[in-house]
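Asker: My structure is below; once you've seen it, I'll send some questions.
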Amino acid sequence: MEENSTFEMQLNESAKGFLKEIAKWAYFLSILGYIGIGLIVLMAVFAGALFSFIGSMSQEMGGGFGSMGGSFISGLYLVMAALYFFPVYYLNKFASIAKAALRDNNSESLASSLEYLKSHYKFMGILMIVMMCLYALIIVIAIIAAVAFGLR
């Protein structure tokens, strides 16, 4: 006894107004996010160059440390920029599609925009879980190191 019933939700004017405002703020935040990604990439280039320069100028550090440290810092910044790109991209797609969907009164486009918003929050949630696990691992390693070196 299976029924084919469709459930259709309609948005009233205040809900549409809230979604329009959310889309505007999401678009603004995504633009700031893209600017932030650009600054992180720029910092990656200059941090690598700075560490390499310091390493080549200082005899106490040695030339190898500077280039290795510069490459590591540059790589770290580039990984951060790559991780930051995806939530910003999802937020931008949500905002762009949502604004167009509300302008054209297109429910399929609105559903598509909400899928990007879901992807944004899903990515951020998974990233937070990974970061919390990484912090927990660092704390455990620090405790083990403190106990091991404290006994000597």
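Asker: Please work out the average accessible area per residue across the chain, using the 1.4 Å probe convention, and give it in Å².
Answerer: 74
Asker: Do you know the relative contact order of the chain, to the nearest whole percent, from alpha carbon pairs under 8 angstrom that are 6+ apart?
Answerer: This gives 22 percent for the chain.
Asker: Let me check against my output: what whole-number percent is the relative contact order of the stretch 71-136, with C-alpha pairs under 8 Å and at least 6 apart?
Answerer: Relative contact order of the stretch 71-136: 32 percent.
Asker: Something else about it: For the chain, with only Lys/Arg (+1) and Asp/Glu (-1) charged at the beta-carbon, what is the dipole magnitude about the Cα centre, in debye rounded to 20?
Answerer: 460
Asker: Considering only 47, 82, 136, give the residue with the highest GNM mean-square fluctuation for the chain, with springs between Cα atoms whenever their separation is below 10 Å.
Answerer: Evaluated over the chain, the most mobile residue of the options is 136.
Asker: What angle, in degrees between 0 and 90 and rounded to the nearest 10, separates the Cα long axis of helix 13-57 from the longest principal axis of the Cα atoms of the chain?
Answerer: 20
Asker: Pick out, from 114, 35, 48, the residue whose Cα sits farthest towards the positive end of the charge dipole of the chain, with +1 on the Cβ of Lys and Arg and -1 on the Cβ of Asp and Glu.
Answerer: The residue sitting farthest along the positive end of the dipole is 48.
Asker: Still on this model: Taking the Cβ of residue 104 as the center, what net charge do the other residues with Cβ under 15 Å away carry, scoring Lys and Arg +1 and Asp and Glu -1?
Answerer: Net local charge, residue 104 excluded: +3.
The values are calculated or read from the model by the stated rules, or taken from the named source; none is laboratory data. Keep in mind that this is a model prediction, so the values were computed, not measured. Heads up, the Cβs are rebuilt from the backbone with ideal geometry, glycines too, and the neighbour counts pull from every protein chain shown. Just so you know, the surface numbers come from the protein's heavy atoms only, side chains and all, with ligands and any DNA or RNA stripped out. Shrake-Rupley method; radii C 1.70, N 1.55, O 1.52, S 1.80 Å.
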